[in-house]
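No value in this document is a laboratory result; all are computed from the given coordinates. The shown structure was predicted, so the numbers you read here are calculated from the model rather than taken from an experiment. Every residue, glycine as well, gets a Cβ built from its backbone with ideal geometry; the counts of neighbours run over all protein chains shown.
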Amino acid sequence: MPPVATRPKSERIESRDNRWLKRFRAALHGDREMDDAVLGLEGVRLISDALGSGAQAEALLVSDSGERHLTHLKGLLPLGLRVLRTSDRLFAAAADTETPQGVALLVKAPVWNWDDLVRPATLAVVLSGVQDPGNVGTIVRSAEALGATGMIACSGTAHPLSPKAVRASAGSVLRLPTLAGESAQRVFDELRGRKLRQHAATLAGETAPRDADFISPCAIWVGGEGAGLPLEIARAADTRIRIRLRSTVESLNAAAAAAVLLYEASRQRAYKTVR
């Protein structure tokens, strides 16, 4: 017989040393060494996006002032979810934002592999040395919006599941296949072995975005704002792409450059479809 649906389990937290409060604090501050299987999400919008995307929720933390948001979330909360109530003071001690809304959710962290990301019509974004988590999250959001099949954050890049990156992605990182932690050379070799064209965004590129082949299965490499891509990656790429700018501007930041190239890739692929 199927399990009987139950109402949310509610309990009150009064101690800073409560084990659930410690788990929320670690997850909301991005302490993945304590428990890398869960993510902490703050705020009504992000929680709504996560639940609407089918994220597996483990527990909801609500402050006294955050109770007002439960009306908005009520229809999204899974039956049987553990709801933990606490004071505004204890919630603020666990939160990662400066002005917390008083609601936070623990969800199971998504786990992806190469086969999730590399598919027949692959359009992947690869980040190398992008250290600002806000830029990483923004790129994940752009990648999902513009039809990419996934993103790879090489070692030396801010983790896409860090709190700031998750917030900047507006929930996209929970839906878009995303890999992290491999060296740039390892990622390059893996993509080459999977027959993907590799496009490197570089100031020394000789190809304009409109002249690059984004229709074939491919990966777009974007480097950090300061150092750019590793020279060995740029030299070995199939195409070196330069976004031409006015002489008064040296370069775009990583998120802007990625968005420009993803838009061109989306345009080319849409044009091929309607022809």
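Among THR99, THR207, THR157, which one shows the highest mean-square fluctuation when the chain is modelled as a Gaussian network with alpha-carbon springs under 10 Å?
Among THR99, THR207, THR157, the largest mean-square fluctuation in the Gaussian network model of the chain belongs to THR99.
So what is the relative contact order of the chain, in percent, for Cα pairs below 8 Å that sit 6 or more residues apart?
After rounding, I find 17 percent.
Give me the number: length gained by fully extending VAL44 to ASP213, i.e. 0.36 nm times residue separation minus the C-alpha to C-alpha distance, one decimal in nm.
Result for the pair: 56.8 nm of gain on full extension.
Need one number: nm distance between label points at SER53 and ASP31, each 7 Å from Cα along Cα→Cβ, rounded to one decimal.
2.5
Just to confirm a number: summing +1 for Lys and Arg and -1 for Asp and Glu over residues other than LEU41 whose beta-carbon lies under 14 angstrom from that of LEU41, what do you get?
Net charge around LEU41: +3.
Would you please give the residues with an amide H less than 5 Å from that of ALA124, counting only those at least 5 places away or on a separate chain, with H modeled from the backbone geometry?
Here the answer is THR149, CYS218, ALA219, ILE220, since their amide H atoms fall under 5 Å of that of ALA124.
Using modelled amide H (1.01 Å from N, peptide plane; none on Pro or chain starts), what sits under 5 Å from the amide H of GLN131, excluding residues fewer than 5 places away?
ALA158, GLU225
Can you return the lysines within cross-link range of LYS195? Criterion is Cα-Cα under 28 Å, with same-chain partners fewer than 8 residues away left out.
Within the straight-line cut-off, LYS195 pairs with LYS272.
State, to one decimal in nm, how far the label point of LEU252 lies from the label point of VAL111, with both points 7 Å from Cα in the Cβ direction.
3.7
At SER155 and THR97, where each label point lies 7 Å from the Cα along Cα→Cβ, what is the point-to-point distance in nanometres?
A separation of 3.5 nm, rounded to one decimal place.
How do 245-252, 63-70 rank on mean C-beta neighbours within 10 Å, highest first?
Put in order of decreasing packing, that is 63-70, 245-252.
In whole Hz, what ³J(HN,Hα) sequence does region 123-135 give by Karplus (6.51, -1.76, 1.60; θ = phi - 60°), x for Gly and Pro?
Each residue of region 123-135 in turn: 9, 10, 10, 10, 10, 10, x, 7, 8, 7, x, x, 5 Hz.
Amide H neighbours of ARG82 under 5 Å, counting only residues 5+ apart in sequence or on other chains, H built in-plane at 1.01 Å?
LYS9, LEU60
In terms of Cα to Cα distance under 30 Å, which lysines are near enough to LYS108, apart from those fewer than 8 places away along the same chain?
Output for LYS108: LYS9, LYS22, LYS74, LYS164.
Place a +1 charge on the Cβ of each Lys and Arg in the chain and a -1 charge on the Cβ of each Asp and Glu, then give the dipole magnitude about the Cα centre in debye, rounded to the nearest 20.
That gives the chain a dipole magnitude of about 700 debye.
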